[in-house]
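For reference, the structure is listed below as structure tokens.
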Amino acid sequence: MKKLGIIISVICAIITAIAVLGIILANQGKVETFEANQLGEVYRIAAMDFPEAPEGEPVDPTASHPKSDSLVQILKKKTSDTLTGRLRLIEGLMNRFEAMEVKMVGEGWDRSDPAYNDALEKRYVEEITSYGIYRNLTSLSAWEKFCMFAITYRSVMLIFGFLGVGLGLAIASSSNYESDLDESK
């Protein structure tokens, strides 16, 4: 019984550490949270076939878009290409993706149509690359996907992690003590 308690405590301590990582990343990136369906969209955007960044000078997004455009503003404020530096950009990309989905459905596209996904991806990639956003900013490594998962589910993992650590410690320590009910009379 003691080994089971220790195993539960260790697993839940790891879950709690992942939740703390999610909290830290969310606070550094100034993004409150992603919902589960949004996380799927982020993974979908990361998997899209964006072209590689061209060699030479970076593209100026204000050349073809107004300075008041929200994505242009996000690109101007982006400080680094790390995950925390890209979190706002990822959120902006996700908002554009959702807006494009709504626009295409408004045009009469059926979401269950296989051609819809191809057309959506093609339009989205064309629009986003016009801002000078390429694969280096949209792709996510396995570690970054893990961090995005931690940001999304940090609250649930934190609650169950602490509860599990407490339960595991209670189970581990219960084998050291005899209950009053175990006494023979």
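The values are calculated or read from the model by the stated rules, or taken from the named source; none is laboratory data. Just so it is clear, the structure is predicted and the values come from calculations on it, not from any experiment. Glycine also receives a Cβ, built like all others from the backbone with ideal geometry; neighbour counts cover every protein chain displayed. Each accessible area value is taken on the protein alone, full model and side chains, heavy atoms only, with ligands, DNA and RNA left out. Shrake-Rupley method; radii C 1.70, N 1.55, O 1.52, S 1.80 Å.
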With the label point 7 Å along the Cα-to-beta-carbon line of N27 and a cut-off under 20 Å to each amide N, the hits in region 133-167 are 147-163
Heavy-atom accessible area of the chain with neighbours in place, 1.4 angstrom probe: carbon+sulfur share in percent works out to 59
Residue separation between S173 and E101 times 0.36 nm, minus their alpha-carbon distance, gives in nm 20.5 nm
Charge dipole of region 1-50 built from unit charges on the beta carbon (Lys, Arg +1; Asp, Glu -1), centred at mean Cα; most positive-end Cα among I18, V42, I6 is I6
Read-out Cα extents along the principal axes in Å, candidates (i) 87, 38, 26; (ii) 79, 30, 24; (iii) 67, 38, 31; calculated match is (i)
With all protein chains present and a 1.4 Å probe, the order of Y43, Y131 from largest accessible area down is Y43, Y131
In order over region 157-169: 3J(HN,Hα) from phi, Karplus 6.51/-1.76/1.60, θ = phi - 60°, whole Hz, x for each Gly or Pro, gives 5, 5, 4, 5, x, 5, 4, x, 5, x, 5, x, 5
Sorting T79, T152 on solvent-accessible surface, 1.4 Å probe, most exposed first, gives T79, T152
Rounded to one decimal in nm, the spacing of the 7 Å Cα→Cβ label points at S70 and A119 is 2.4
Result for the chain: accessible area per residue, probe 1.4 angstrom, in square angstrom, of 61
For region 76-143 the trypsin sites (Lys or Arg not before Pro) that pass both the DSSP coil test and the at-most-16 other-Cβ-within-10 Å test are K78, R111
Summing -39500 (n - 2.57) over every DSSP H run of at least 4 in the chain, dividing by its residue total and rounding to the nearest 500, the 222 nm mean residue ellipticity is -22000 deg cm²/dmol
Counting only protein heavy atoms and leaving out ligands, DNA and RNA, the solvent-accessible surface of M1 at a 1.4 Å probe, in Å² to the nearest 10, equals 140
The size of the Cβ-based charge dipole (Lys, Arg +1; Asp, Glu -1) of region 12-152 about the Cα centre, to the nearest 20 debye, is 540
Number of Lys pairs in region 66-123 closer than 22 Å at Cα, excluding neighbours under 8 places apart unless interchain, is 4
In whole angstrom, the spacing between the Cα centers of region 129-174 and region 72-91 equals 20
Expressed as a whole-number percentage, the relative contact order of the chain with C-alpha contacts under 8 angstrom and at least six residues apart is 52
For the chain, the longest principal axis of the Cα atoms and the Cα long axis of helix 83-106 enclose an angle in degrees, to the nearest 10, of 60
Projected onto the charge dipole of region 12-118 (unit charges on the beta-carbon of Lys, Arg, Asp and Glu, signs +1, +1, -1, -1), the Cα from N27, S70, T84 with the largest positive-side position is that of N27
